[in-house]
Amino acid sequence: MKFQTVVFLASVAGAAVLAPASGTESPGAAPAPSEILIEAAPPKAGKGTNAAPRTVKITSDRASYLKKEGIVAFEGHVFVDDVEFKMHADEVSLFLDGTNSLKRLVAIGGVAVTNGTRYGSCAKATYNKALSKVVLYADAERGIPARLVDAGKRQSELEGRKISYWIDTEQVEVEGSTVTVDAGGFGGKQGAKGFLGK
């Protein structure tokens, strides 16, 4: 039997090409995982740098492409490996526009994202390219909060029902929140009080 993954062109944060991983499967053997490479726009570069496009690698147990609807769906042990972040989830869906550019992304189930010393976890996450906005959602019935942690110099943690993060402005909005900050990162207790307006 021949095992083959989805082949298509798409654009993520600029111009991009998706390349499939394919192989053969022997009778009775588990299928090879789906692997798709995305050539994305380069990370934001400093003045005078000449950054090359980066490759984003997405692996999963299964992948499907619904061309008419413009949806790429990844299911089972999804791992997104990007130079700027890593993400694990049970399911990830990419929603593309008519030119195969990414409009939005939805990750569901056991979502975990890391970026340097920052990490987040939640039951569901969405990304809207036009708004440059990421939203993390909790699942109260299953006791899974939406969490963002900065384990770097400023040592902070956010937890709530819904956390919205605007990438370009680094603005954060938390609904149903618990916020923990290391007062030392704000110049001690008085600095933290000033930051919080107290």
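We did not get these values from a lab; they are worked out from the coordinates using the rules stated. All of these numbers come straight from a predicted model, not from anything done at the bench. FYI the Cβ positions are ideal-geometry reconstructions off the backbone, even for glycines, and counts take in every protein chain you see.
Table for the structure above
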{"item": "Unit charges at the beta carbon, dipole of the range 74-140: most positive-side option, VAL106, VAL92, VAL80", "result": "VAL106"}
{"item": "Cross-link pairs LYS129/LYS153; LYS124/LYS162; LYS86/LYS129 - those with Cα-Cα distance over 20 Å", "result": "LYS129/LYS153"}
{"item": "Proximal charge balance of ARG118 [Cβ under 12 Å; K/R count +1, D/E count -1]", "result": "0"}
{"item": "Net length gained if the chain between LYS129 and LYS57 were fully extended (0.36 nm per residue, minus Cα distance)", "result": "24.1 nm"}
{"item": "Contour excess over end-to-end distance, with Cα ends at ALA112 and GLU141 and 0.36 nm allotted per residue", "result": "8.6 nm"}
{"item": "Sequence-distant residues sharing a close amide H with LYS133 (under 5 Å, placed H)", "result": "ASN128, ILE167"}
{"item": "C-alpha center-to-center spacing [the range 70-90, the range 124-158] in angstrom", "result": "16 Å"}
